[in-house]
Each structure stands twice: as structure tokens, then as C-alpha cells.
Amino acid sequence: MITLVTGGSKCGKSWYAEKILEGFQGRKFYIAAMKPFGADALEAIERHRLLRSGKGFETIEKYTDIGELSLPPGCGVLVECIGNLCANEMFQGRTVQSCSEKILSGIKALTVNAAETVIVTNQVGADGVPYPEGTAEYISELGAINTGIAALADNVVECVYGIPVILKGGRPC
């Protein structure tokens, strides 16, 4: 089962994603993609650590190349978050295949062994504002990734002011 959780900034995505895996029996992995740089990032990382504390997650900090992970069969996986993963892949200073292709390939590889996969992403670029070239490319890549994951997913949920709105599938929790 694959569930994509999307929404705007600080709308309850992470809380809801963790809730989906709350009753999961078996090993649960939290793949953290936010690089710890700057005060804002460190604050967000600490907030997320506190959120998942005591919930049985094994944290794997993986900022790029998620397809390299080898997880045990039947596990639960929460990927937090595709927006960070996309930025890390795009702006790490080395030439790679299309960011969207690489991340979608990595997501598919993760789901092979996972019994339950929950993926958190962001909605960006819906404001209609023109952005500089690098930002516009990021928005385009993230949109392609989100579209690809939504096609793979059994469930797609948008969190709006802490309220989960089912866009595809059923209510996963």
C-alpha cells in the first residue's frame, strides 16, 4: 500500500503521515531527507524528531539517492519529504539524470519490500507567481515527481488546515 500525503506548509502532513503508520505491526523506517543546515532547518528537524518520538520509527537520514536503501521485507516506510529530496538532488552540484526520474525510480525501489509506504510531499507553484529559472525548474521537477507518485499510489491525501481530504483511494487511517 502506498499513500501520498500532500499539502501546504505546516498543514498537518507529517502528523497525518505518522498516524497512518501508528498501528503498523513490524519495523517502521522514517527516511529523513532534510539536510541539517541553518537555524530554520535545525528547528524543523527537531520538531519532527519530537513528533515521532516514542512511535517506534527507526530514522534513516538520506538526503539523496534513496534508491540505494535496502529495507527488510514487510516493513513500514515513511519518506519525509519529497520537496527536500528534490532540492537535495537538484542543487547538490553534480550532474545527474533528471531529478524526477531518479526520485521516482528510488520510490519504486523502496516500495518493493515495504508492506506500507507513506510519502510526504509539498504543494508548490500553485500561486501563479513567475519564479527565477532555478526555482521554476525545481517546481517543475517536484510537480513531475508528485504526479508520478500519485499515479503509483493507492491513496492520495491532501491535508488542509489539519484536515485530511481524500483525493484518491480510501481513508488510510
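Quick note: the coordinates plus some simple rules give every number you see, no bench work behind them. A quick note: this is a predicted structure, and the numbers were derived from the prediction, not measured. Virtual Cβ from ideal backbone geometry, glycine too; neighbours counted across all protein chains shown.
Descriptive notes on the structure:
- Theoretical gain in end-to-end length, E137 to K108 [0.36 nm per residue, Cα-Cα removed]: 8.1 nm
- Annotation: the residues C99, C173, C11, sorted from fewest to most other C-beta atoms within 10 Å of their own C-beta, follow the order C173, C11, C99.
- For Cα Rg over 2.2 N^0.38 Å, calculated from these coordinates, the label among (1) 0.97; (2) 1.10; (3) 1.04: (1)
- Across K28/K108; K35/K55; K102/K168, pairs whose alpha-carbon gap is larger than 19 Å: K35/K55; K102/K168
- Among F37, F24, a tally of other beta-carbon atoms within 10 Å of each Cβ gives an order, fewest to most, of F37, F24.
- Computed from the C-beta positions of D127 and S70 and an R0 of 35 Å, the FRET efficiency is 0.35 to the nearest 0.05.
- Net charge of Cβ neighbours under 12 Å - reference T6; Lys, Arg +1; Asp, Glu -1: +1
- DSSP bridge analysis restricted to segment 2-167 gives an antiparallel fraction near 15%, rounded to the nearest 5.
- Length added when fully stretched, K35-S53, from 0.36 nm per residue minus Cα-Cα: 4.6 nm
- From its DSSP helices (H runs of at least four residues, each -39,500 (n - 2.57)), the chain gives a residue-normalised ellipticity at 222 nm of -12500 deg cm²/dmol.
- Full extension of the chain between L152 and R27 yields a length gain of 42.7 nm, computed as 0.36 nm times the residue separation minus the alpha carbon distance.
- Taken about its Cα centre, segment 2-167 carries a charge dipole of roughly 440 debye when the Cβ of each Lys and Arg holds +1 and the Cβ of each Asp and Glu holds -1.
- Whole-Hz Karplus values for segment 69-84 come out as 5, 10, 10, x, x, x, 7, x, 9, 10, 9, 10, 9, 5, x, 5 Hz, taken residue by residue from phi with 6.51 cos²θ - 1.76 cosθ + 1.60 and θ = phi - 60°; glycine and proline positions read x.
- FRET efficiency estimate (nearest 0.05) - Cβ-Cβ, Y161 to E101, R0 30 angstrom: 0.35
- Cβ-Cβ distance of Q92 and S9, R₀ of 22 Å, FRET efficiency by 1/(1 + (r/R0)^6): the value works out to about 0.45.
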